[in-house]
1. So, in segment A:1-20, how many residues would count as being in a helix (DSSP H, G or I), more than 8 Å from chain B (Cβ to nearest Cβ) and of a type in the set (A, V, I, L, M, F, W, C)?
2. Condition check: assigned to a helix (DSSP H, G or I), within 14 Å of chain A (Cβ to nearest Cβ) and among the hydroxyl-bearing types (Ser, Thr, Tyr). Does B:Tyr118 satisfy that?
3. So, of the residues in segment B:136-152 that are surrounded by fewer than 17 Cβ atoms within 10 Å (Cβ to Cβ) and β-branched (Val, Ile, Thr), which turns out to be farthest from B:Glu97 (Cα to Cα)?
4. Do you know which residues across segment A:44-56 are facing another protein chain (nearest Cβ under 10 Å) and either out of contact with any strand residue (DSSP E or B) (no Cβ under 8 Å at 6 or more places or on another chain) or at pLDDT 90 or above (or both)?
5. Being within 16 Å of the chain's Cα centre (by Cα), within 21 Å of A:Tyr104 (Cα to Cα) and surrounded by fewer than 19 Cβ atoms within 10 Å (Cβ to Cβ), is that true of even one residue in segment B:118-135?
6. Please state which one of A:Lys77, A:Lys72 is closer than 17 Å to A:Ile101 by Cα, away from chain B (no Cβ under 14 Å) and either modelled with pLDDT under 90 or in contact with a helix residue (DSSP H, G or I) (Cβ under 8 Å, 6 or more places away or on another chain) (or both).
7. Can you list residue pairs whose Cβ atoms sit under 8 Å apart, with the first residue in segment A:133-148 being more than 10 Å from chain B (Cβ to nearest Cβ) and over 14 Å from A:Asp65 (Cα atoms) and the second being of a type in the set (Phe, Trp, Tyr) and assigned to a strand (DSSP E or B)? Count only pairs 6 or more apart in sequence or on different chains.
Amino acid sequence: MAETIAVLFIFFLMIGFGFIFYARIQRTSMQETTSNNLDLESIEVTQRVSFLPELQCSSKNVISDNCIDLLKLNSLKNRLTPEIQQQMYFDVFKYSNITIIQLYPLPEKRWTLYENIKVDSPSVFTPVPISLYNATAKTYAFGVLEVRFYS
Amino acid sequence: MTTRFSKRSQMELLGLAFVVVLITLGLLFYIKFQAAKQPSTAKKTFTESQKASNLLNSLLKTNTYCEDATLTQLLQDCAEHKVPSSQIDCDGYTSCEFANRTIAYIFQQTLEEWKNDYFLEVCLWNTITQQCLPDETLFTLPPLTTGCSGQRESSSQFIPTSSGVLKIWLDICY
């Protein structure tokens, strides 16, 4: 009788350990999936900003990739009030912080285009090198589009 | 009687040992497969490849302080006239030196800030052998390096010059 109890005790102990082990693995795997989804969503938002018609350089209806028109950028920035951000761009950019920085020629210039931060939430940072086109002077500056996406 | 009980308990112990062996085997298999599983590289691959191509495209289009010439024009001048003098004078620097300094500054502000190792090579390209012409490397960044040791994302651009085809090659190491 005592032996059977001992065997059953060990058996249930093992099942218990197995269950704890399985639960931990499931938790890790779920964290990994969440992190992957966050990465993919951040790529999506970065692509949306890069190809935003409101910002893209174009000449005679021909779009140049990887280029932001400074006139369009300044115009959009002035119009993007917090209300418009919320009403018209939340579906596009969700919870993110989008900044465009001119690195060369100096002085460094910075435009915060969209700001909708989710405090205490994990975030992913994606920098994308871009050209900044000055249509008045017909010159290109070197810049970086920085997107911080919050889950 | 005692022998029969002893035999029975021995059988039970054997069964228990069998279960333990099975669980251990399962655990070993699981750990082996987990270790072999590669972490997702979707974002890394995307950002690194986009970084390399965008960086090179934007870089070559950029107008510099030197007579408002683009880096493409400076590199063309550098390949065509080289040292000791170039046609474009950049406040006492040759077009080669100025292009080198400008690219190094931009890389310092971008790739080095993002903790990316990189390798840039500017050379006259032999289109037949698909290699840089011997002794025709204009410069490399970081200076005196030969390339990434591990994985890399590459991007290249070709610029036509009167001295031949100029190849600009950028590797981002990771």
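1. Residues flagged as in a helix (DSSP H, G or I), more than 8 Å from chain B (Cβ to nearest Cβ) and of a type in the set (A, V, I, L, M, F, W, C) within segment A:1-20 amount to 11.
2. No.
3. B:Thr146
4. Going through segment A:44-56, the residues facing another protein chain (nearest Cβ under 10 Å) turn out to be A:46-47, A:50.
Answer for segment A:44-56, where residues must be facing another protein chain (nearest Cβ under 10 Å) and either out of contact with any strand residue (DSSP E or B) (no Cβ under 8 Å at 6 or more places or on another chain) or at pLDDT 90 or above (or both): just A:Gln47.
5. The answer is no, given that none of the residues of segment B:118-135 is within 16 Å of the chain's Cα centre (by Cα), within 21 Å of A:Tyr104 (Cα to Cα) and surrounded by fewer than 19 Cβ atoms within 10 Å (Cβ to Cβ).
6. Working: A:Lys72 fails: either modelled with pLDDT under 90 or in contact with a helix residue (DSSP H, G or I) (Cβ under 8 Å, 6 or more places away or on another chain) (or both).
Criteria check complete, one pass: A:Lys77.
7. A:Glu146/A:Phe125; A:Val147/A:Phe125; A:Arg148/A:Phe125
Every residue, every condition in (1) part of a helix (DSSP H, G or I); (2) among the hydrophobic types (A, V, I, L, M, F, W, C); (3) modelled with pLDDT of 85 or more, yes or no:
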position: B:Ser9; (1), (2), (3): yes, no, no
position: B:Val21; (1), (2), (3): yes, yes, yes
position: B:Phe29; (1), (2), (3): yes, yes, no
position: B:Phe33; (1), (2), (3): yes, yes, no
position: B:Ser53; (1), (2), (3): yes, no, yes
position: B:Asn57; (1), (2), (3): yes, no, yes
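The values are calculated or read from the model by the stated rules, or taken from the named source; none is laboratory data. Bear in mind that the values here come from a model prediction, so they are computed numbers and not experimental data. Quick reminder, even Gly has a Cβ in these numbers, built from the backbone with ideal geometry, and neighbours come from all protein chains shown.
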